[in-house]
Amino acid sequence: MEGEGLTEVHRAEKRKFTVGDFLKRKAEKKSIVMVTSYDFPTASIADGVVDSILVGDSYGMVVLGYDTTIPVTVDELLPVCRAVHRGSAHALLIGDMPFMSFQVSMEEAVRNAGRFIKEGGMEAVKVEGGKAMVPVVEGISRAGIPVLGHIGVTPQTATLQGGYRVQGKTADDAKRLVEDAQALETAGAFGIVLEMVTEEVARKVSESLRIPTIGIGSGRYCDGQVLVLHDVLGLYERFTPKFAKRYVELAGQVRQALGRYSEEVRTGTFPGEEHVFRMDEQERARMGSKRKP
């Protein structure tokens with residue numbers, strides 16, 4: 001039933017998904033389902049169907065049209081977070097801390113993480129980076145804010161990795177990724193996103209941790225999966241990552257619907273009789289009687 005969406009009755013029966021549920025799912029070997037959302041309508045649709053919603057800095061690319069996620073700011077994401085919060089009652093909400101919102105100082109990192117919670121209505125934040133980000137994860141966690149880590153390809157610093165290149169192709173890479181993941185776990189992360197990591201290494205990382213891994217382009221052995229909503233729905237046409245599956249082609253359907261609308265307006269078919277409002281007969285008569293000869 002969840003694959004087809006939920007009725008309001010079933011939606012009401014679902015309880016809130018929490019950080020604790022992440023760890024429980026890992027122990028029970030049950031997959032975690034996460035998707036991004038950037039507005040009230042899609043959050044309302046996803047809520048109760050998926051376990052967690054990430055307000056990703058991918059918003060900058062798929063909604064604002066930036067070429068990368070780098071330009072996205074906290075102030076741009078907070079209204080998006082509030083909209084998603086209003087549309088969600090059950091999914092765990094995670095705000096993606098954008099580039100330079102946590103790297104400058106510990107104080108700024110904690111302050112910005114707090115803004116996602118207080119102003120954005122999020123329940124956790126996501127931070128990109130491995131061992132170098134351990135102090136940041138520790139500081140934010142000490143402030144009482146749950147942190148989701150993110151290693152492998154980290155889009156905010158992809159240029160340091162030579163671009164968007166698959167990680168974990170060598171034994172040395174595997175060792176580094178396992179060490180990064182374990183360091184983040186020790187620092188207090190409740191889970192870790194693995195992006196574009198070879199399946200073998202993603203499996204090794206997942207098996208080395210007590211906390212769950214959420215894969216995006218990292219194969220079948222992670223403890224959960226996340227995809228960008230616009231990839232799932234076929235709304236982002238610039239490119240489709242190899243790891244993304246388009247479950248519907250909404251861009252084409254939307255274009256087709258707009259074409260029909262345009263044609264009907266131009267031919268006078270829309271609006272039709274069923275779309276207009278009318279005065280009652282008495283008022284029409286009164287209006288007619290006041291016309292000048």
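Overview of results
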{"item": "Theoretical ellipticity at 222 nm over the chain - DSSP helices of four or more residues, -39500 (n - 2.57) apiece, nearest 500", "result": "-12000 deg cm²/dmol"}
{"item": "Expected-Rg normalisation [2.2 N^0.38 Å, Cα atoms] applied to the chain", "result": "1.23"}
{"item": "Accessible area of the stretch 9-137 belonging to carbon and sulfur atoms, whole % at 1.4 Å probe", "result": "60 percent"}
{"item": "The chain: angle of helix 250-267 to the longest principal axis, Cα-based, in degrees nearest 10", "result": "20 degrees"}
{"item": "Positive minus negative residues near Leu258 (Lys, Arg vs Asp, Glu; Cβ under 13 Å)", "result": "+1"}
{"item": "Distant-in-sequence amide H partners of Gly215 (H built 1.01 Å from N, under 5 Å)", "result": "Leu194, Asp223, Gly224, Gln225, Val226"}
{"item": "Links that overshoot a 21 Å alpha carbon limit, given the list Lys131/Lys175; Lys30/Lys131; Lys14/Lys126; Lys131/Lys204", "result": "Lys30/Lys131; Lys14/Lys126"}
{"item": "³J(HN,Hα), Karplus 6.51/-1.76/1.60, whole Hz, each residue of the stretch 186-193, x for Gly, Pro", "result": "4, 6, x, 4, 8, x, 9, 7"}
{"item": "Local electrostatic count at Val72 - Lys and Arg +1, Asp and Glu -1, tallied over other residues with Cβ under 10 Å", "result": "-4"}
{"item": "Nonlocal amide H pairs with Glu128, under 5 Å, H built at 1.01 Å", "result": "none"}
{"item": "Between helix 106-118 and the chain: long-axis angle, C-alpha atoms, 0 to 90°, nearest 10", "result": "40 degrees"}
{"item": "Order by protection proxy (mean Cβ within 10 Å, highest first), peptides 193-201, 277-285", "result": "193-201, 277-285"}
{"item": "Computed label-point distance, nm, for sites Arg15 and Glu281 using a 7 Å Cα→Cβ extension", "result": "6.1 nm"}
{"item": "Acute angle (nearest 10 degrees) that the helix 74-87 long axis makes with the longest principal axis of the chain, alpha-carbon atoms", "result": "70 degrees"}
{"item": "The stretch 81-232, accessible area per residue, ligands and nucleic acids excluded (1.4 Å, Å²)", "result": "40 Å²"}
{"item": "Fluctuation leader among Gly95, Gly60, Gly215 - the chain, Gaussian network, Cα springs under 10 angstrom", "result": "Gly60"}
{"item": "Karplus (6.51, -1.76, 1.60) ³J(HN,Hα), θ = phi - 60°, over the stretch 196-209, in Hz, Gly and Pro reported as x", "result": "6, 10, 4, 4, 4, 6, 4, 5, 4, 4, 4, 6, 8, 10"}
{"item": "Percent carbon-and-sulfur accessible area, the stretch 202-289, ignoring ligands, DNA and RNA, probe 1.4 Å", "result": "52 percent"}
{"item": "Size of electric dipole in the stretch 15-77: Cβ of Lys, Arg +1 and of Asp, Glu -1, about Cα centre, debye, nearest 20", "result": "640 debye"}
{"item": "Cβ-based net charge around Val55, under 14 Å, with every Lys or Arg adding one and every Asp or Glu removing one", "result": "-4"}
{"item": "Cα centre as origin, Lys/Arg/Asp/Glu Cβ charges: the chain dipole, Debye", "result": "360 debye"}
{"item": "Contour minus Cα-Cα distance for Phe270 and Ser289 (0.36 nm per residue)", "result": "3.8 nm"}
{"item": "Förster-model FRET efficiency, 22 Å R0, Phe243 and Thr73, C-beta, rounded to 0.05", "result": "0.20"}
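The values are calculated or read from the model by the stated rules, or taken from the named source; none is laboratory data. The model shown is predicted, which means the values in this text are computed figures rather than measured ones. So basically every Cβ, Gly included, is an ideal-geometry build from the backbone, and we count neighbours across all protein chains shown. Heavy atoms of the whole protein, side chains included, go into the accessibility calculation; ligands, DNA and RNA do not. Shrake-Rupley method; radii C 1.70, N 1.55, O 1.52, S 1.80 Å.
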